[in-house]
Amino acid sequence: MKIIANFKMNKTPLETKDYLMNFLSRVKECPHEIVLCLPFTSLFVGKFLTEGTGVKIGAQNICDEDEGKCTGEINGAMLADAGAKYVIIGHSERRTKFKENSKMINKKIKCALKHGLNCLLCVGENLVERNTLKTAEVLKEQIEDALKGIYENELEHITIAYEPIWAIGTGQHPTAKEIDVSANVIRKVISNDFSVQAGEKINVVYGGSVEPKNISQVSKAKKINGFLIGGASLDYNNLLQILSTLK
Ligand code: PGA
């Protein structure tokens, strides 16, 4: 399974170092692929400390341009050089707070792939869309917009994170059955737009209030390949607990 932590805007480089010093020695035998998506400023310390451990680091954003006058932005080459193997793209917090639109998200995916980064494309419905039974429609639109111009052989570098907005940081989460329904929608979109095989092979993870106390419940979902964990990952003990439940 892919177990991905999203630290969001948390932890200084020193705090990241402390976290990693405690965490890394405890996951040596872990059978899962662990990815820690750190703030930009912690990437380098992350790269340095995770070298040779099997734990990968990722970023939480990427510029949609490779060069030019982009004050304050970080491009794909910089992320790769700083040690990122993954990058989160299209997180709902970026779509809403930072006004990222589908065109930008599509460009970001292309920039990430160009620099050898694996993409974690976040998609998911808000509460109104859920209540009006629009989830499938929303997922289809978000995926198709994000993957315009992407070739089937590039999909192995793309993981789709199903993150219902109403479940992020709220303590609420869909049932395992509901997660599977959405994962099936995602696979169907990929299978229609690329191939049946691509739909089966694409990595889909679930994110939204995954915590030690609900991991055994949400991990009953059978159509996903892992989890994207925000708040709970900030304490390494919680992440370790989640990992041990998944063993
Ligand atoms: P959460 O965040 O686990 O705190 O709900 C998940 C995310 O935003 O990726």
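The values are calculated or read from the model by the stated rules, or taken from the named source; none is laboratory data. Here the structure is a predicted model, which is why all the values come from computation and not from measurement. Counting neighbours? That spans all protein chains shown, and the Cβs are built from the backbone with ideal geometry, glycine included. For accessibility, only protein heavy atoms count, side chains too; no ligands or nucleic acids. Shrake-Rupley method; radii C 1.70, N 1.55, O 1.52, S 1.80 Å.
On a full-extension model of 0.36 nm per residue, what is the gain between L240 and T96, subtracting their alpha-carbon distance, rounded to one decimal in nm? Walk me through the intermediate numbers first.
Working: separation 144, 0.36 × 144 = 51.84 nm, distance 3.08 nm.
So the extension gain works out to 48.8 nm.
The simple spin-label model puts a point 7 Å past each Cα toward its Cβ; for Q172 and N153 those points are separated by 4.5 nm.
Picking from V138, V218, V123, which is most flexible by a Gaussian network model of the chain using Cα springs under 10 Å? With Cα springs under 10 Å in the chain, the top fluctuation among V138, V218, V123 is at V138.
Accessible surface computed residue by residue for the range 129-247, with neighbouring protein chains in place and a 1.4 Å probe, gives 48 Å² per residue. Helices in the chain, meaning DSSP H runs of at least 4 residues, each add -39500 (n - 2.57). Divided by all residues, the mean residue ellipticity at 222 nm is -11500 deg cm²/dmol.
Note that the range 2-123 presents 49 Å² accessible area per residue, ligands and nucleic acids not counted, probe 1.4 Å. Amide H contacts of I229 (H built 1.01 Å from N, in plane; Pro and chain starts excluded): I4, A5, N6 sit under 5 Å, all sequence-distant by 5 or more or on other chains. Name the residue from I242, H157, I34 whose Cα lies farthest towards the positive end of the charge dipole of the chain, charges +1 on Cβ of Lys and Arg and -1 on Cβ of Asp and Glu. Positive-most Cα among the choices belongs to I242. Within the range 31-87, the trypsin sites (Lys or Arg not before Pro) that combine a DSSP coil assignment with at most 11 other C-beta atoms in a 10 angstrom radius are K69. Among residues other than N106 with Cβ under 9 Å from its Cβ, the summed charge is +3 (Lys and Arg +1, Asp and Glu -1). Between the beta carbons of T132 and D81, assuming R0 = 51 Å, the FRET efficiency works out to 0.70 to the nearest 0.05. Phi-derived couplings, Karplus 6.51 cos²θ - 1.76 cosθ + 1.60 at θ = phi - 60°, listed residue by residue for the range 172-183: 9, 8, x, 6, 4, 5, 5, 4, 5, 4, 5, 4 Hz, with x used for Gly and Pro. The simple spin-label model puts a point 7 Å past each Cα toward its Cβ; for K110 and F48 those points are separated by 3.7 nm. Exceedance of the 23 Å cut-off in Cα-Cα distance is limited, within the set K28/K56; K85/K177; K2/K188; K56/K110, to K85/K177. Here the Karplus curve 6.51 cos²θ - 1.76 cosθ + 1.60, taken at θ = phi - 60°, turns the phi angles of the range 120-134 into couplings of 10, 7, 8, 9, x, 8, 8, 5, 5, 5, 5, 5, 9, 6, 9 Hz, with x standing for Gly and Pro.
Using only side-chain charges placed at the Cβ, +1 for Lys and Arg and -1 for Asp and Glu, the dipole size of the chain relative to its Cα centre rounds to 380 debye. Distances longer than 27 Å among the Cα atoms of the range 2-246: what percent of all pairs is that? When all Cα pairs of the range 2-246 are counted, 31 percent exceed 27 Å.
Computed 3J(HN,Hα) for the range 50-65, one whole-Hz value per residue from the Karplus formula 6.51 cos²θ - 1.76 cosθ + 1.60 where θ = phi - 60°, is 8, 3, x, 9, x, 7, 9, 10, x, 9, 10, 6, 8, 6, 8, 10, glycine and proline marked x.
To check you understand DSSP bridge types, tell me what percent of the beta bridges within the range 2-246 (both residues inside) are antiparallel, rounded to 5. Before the final figure, lay out the partial values.
Values: 0 of 31 bridges.
If we restrict to bridges inside the range 2-246, about 0 percent are antiparallel.
Surface composition of the range 117-231: carbon plus sulfur atoms contribute 50% of the solvent-accessible area (1.4 Å probe, protein chains only, all chains present). The label-point distance for K103 and S195, in a model that sets each label 7 Å from Cα toward Cβ, rounds to 3.3 nm.
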